[in-house]
Amino acid sequence: MEQAPPDAPRQLQPAPLEPLGLPDAGRRRGREERRGPEEGPADGTMTENNFWLKKIEISVSEAEKRTGRNAMNMQETYTAYLIETRSVDHTDGQSVLTDSLWRRYSEFELLRNYLLVYYPHVVVPPLPEKRAEFVWHKLSADNMDPDFVERRRIGLENFLLRVASHPILCRDKIFYLFLTQEGNWKETVNETGFQLKADSRLKALNATFRVKNPDKRFTELKHYSDELQSVISHLLRVRARVADRLYGVYKVHGNYGRVFSEWSAIEKEMGDGLQSAGHHMDVYASSIDDILEDEEHYADQLKEYLFYAEALRAVCRKHELMQYDLEMAAQDLASKKQQCEELATGTVRTFSLKGMTTKLFGQETPEQREARIKVLEEQINEGEQQLKSKNLEGREFVKNAWADIERFKEQKNHDLKEALISYAVMQISMCKKGIQVWTNAKECFSKM
């Protein structure tokens, strides 16, 4: 039997991933613009419903404490959130979407887990924290605390707006049903079979494997996500310590106010001045509660990007897993080609159990060797097709993932710049108020 000419070496290794050009600029998420997807059918997406998703407003308007029974038939207390959707345009005089429905936090988690499985190349927006982290001493860490529930309500609304404004995620039918179908939604999600895929992916991601040719861009992105998480965590810890100290400083002014008020009761000529100065101090001391509440809003914006770091790492891990599968497929194909060549030429280049068995028990018959060569050739053809498919899948993943990463970077730069500038402006305003309080107190003292 004639030996087929060996394939070029490039077929024995994963094809190098071509460098990508700059993708189209991602969309900026405006708080006032709550729009859905662009029209256009795609696998697993919506077609006729795209029109409505482009014309709805989404809000999480209320949070309600409830009591029920869990899967273990045990009583539990949880918080439900009211999602309201409203059509912007009413072409037929009626709203097509359900006006409102209630969802638990666990249902938001189910939606995001589904999106992570079916859109591994997307930097999926994170959910707000389930339990309070980086809190200062006056802030409750209880997940049932009304202030924490309110902040989480805002975070859940922001999550829905992030998904609705994403050019890919907004098209998903499960997301549309999450907004419009209260009953049997969980069953619909489970029928997609994403749990089985999620389990297999988690097992693969948790396995210890080494990639021989990692993509430098994704390696750098993983390091960046680690540093981003570390820096924001440190910033939030520092902010919590500063909030504690700031709270103490402001409350000291309250002590001044009480002392001046008590002092004014025993003075005749200085009484009015002391009373006025004490009033200014009391007003200043009470303002810290509103200031720290505003600060908590900016802290939540930073926490969102703290959790985004994990979403970036999820994309990197998926790419690493695909690269590993690609290299294993190439290695297996090279091994089969070598076996086929050894059978055809009768030479053994490396030690193998089969070669040792042949020496001990004699050579194979020509018919047996021909049958083995035929089987190997079929496996080689199948392996080449599989390797080609994995190469194409890998290239497509890198292209889509990097385009979404660029969109995320633009969004991140815009959001963090806006939040930090607003935070600085708030601090400047706070300092000006402090100066004004002592200026007013000085005038009170001068008039005495």
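The values are calculated or read from the model by the stated rules, or taken from the named source; none is laboratory data. Computed from a prediction, not measured in an experiment: that's the story for all the values here. Cβ sites come from the backbone with ideal geometry, for glycine too, and all protein chains shown count toward neighbours. The accessibility values were calculated without ligands, DNA or RNA, using every heavy atom of the protein model including side chains. Shrake-Rupley method; radii C 1.70, N 1.55, O 1.52, S 1.80 Å.
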Distance from a point 7 Å along Cα→Cβ of residue 113 to each backbone N in region 276-315: keep the residues under 11 Å and list them by number. none
Using each residue's phi in region 377-383, evaluate 6.51 cos²θ - 1.76 cosθ + 1.60 at θ = phi - 60° and report the 3J(HN,Hα) Karplus result to the nearest Hz, with x for Gly and Pro. 4, 5, 5, 5, 4, 5, x
Tell me, in nm to one decimal, what length is gained between residue 252 and residue 181 on full extension, where the rule is 0.36 nm per residue of separation less the Cα-Cα distance? 20.2 nm
Residue 385 versus residue 190: modelled label distance in nm, points set 7 Å from Cα along the beta carbon direction: 3.7 nm
Can you tally the net charge around residue 121? Count Lys and Arg as +1, Asp and Glu as -1, for every other residue whose Cβ sits under 9 Å from the Cβ of residue 121. 0
Roughly how compact is region 378-448, stated as its Cα Rg over 2.2 N^0.38 Å to two decimals? 2.73
What full-extension length gain, to one decimal in nm, is calculated for residue 67 and residue 79 as 0.36 nm per residue of separation minus the Cα-Cα distance? 3.5 nm
Can you tell me the FRET efficiency between residue 448 and residue 414 if r is taken as the Cβ-Cβ distance and R0 is 35 Å, rounded to the nearest 0.05? 0.10
What FRET efficiency, computed as 1/(1 + (r/R0)^6) with R0 = 56 Å and r the Cβ-Cβ distance, is obtained for residue 297 and residue 369, rounded to the nearest 0.05? 0.15
5 Å is the cut-off here: which amide hydrogens, built 1.01 Å from N in the peptide plane, fall below it relative to residue 62, excluding neighbours closer than 5 in sequence? 82
Within a Cβ distance under 9 Å of residue 305, other residues only, what is the Lys/Arg minus Asp/Glu net charge? 0
The long-range amide H neighbours of residue 56, using H built 1.01 Å from N in the peptide plane and a cut-off of under 5 Å, are 36, 88
Read phi for every residue in region 337-345 and hand back ³J(HN,Hα) as whole Hz from Karplus 6.51 cos²θ - 1.76 cosθ + 1.60, θ = phi - 60°, with x for Gly and Pro. 5, 5, 4, 5, 5, 5, 5, 5, 9
Rounded to the nearest whole Å², what accessible area per residue is found for region 360-411 with the 1.4 Å probe? 63 Å²
Per residue of region 418-432, in order, report the coupling 6.51 cos²θ - 1.76 cosθ + 1.60 (Karplus, θ = phi - 60°) as ³J(HN,Hα) in whole Hz, putting x for Gly and Pro. 5, 5, 5, 5, 5, 5, 5, 4, 5, 5, 5, 4, 4, 5, 4
Could you tell me which of the pairs 130/216; 173/417; 130/197; 197/417; 216/374 are separated by over 29 angstrom between their Cα atoms in the structure shown? 130/216; 173/417; 197/417; 216/374
Multiply the residue gap between residue 198 and residue 392 by 0.36 nm, knock off their C-alpha separation, and tell me the result in nm, one decimal place. 67.6 nm
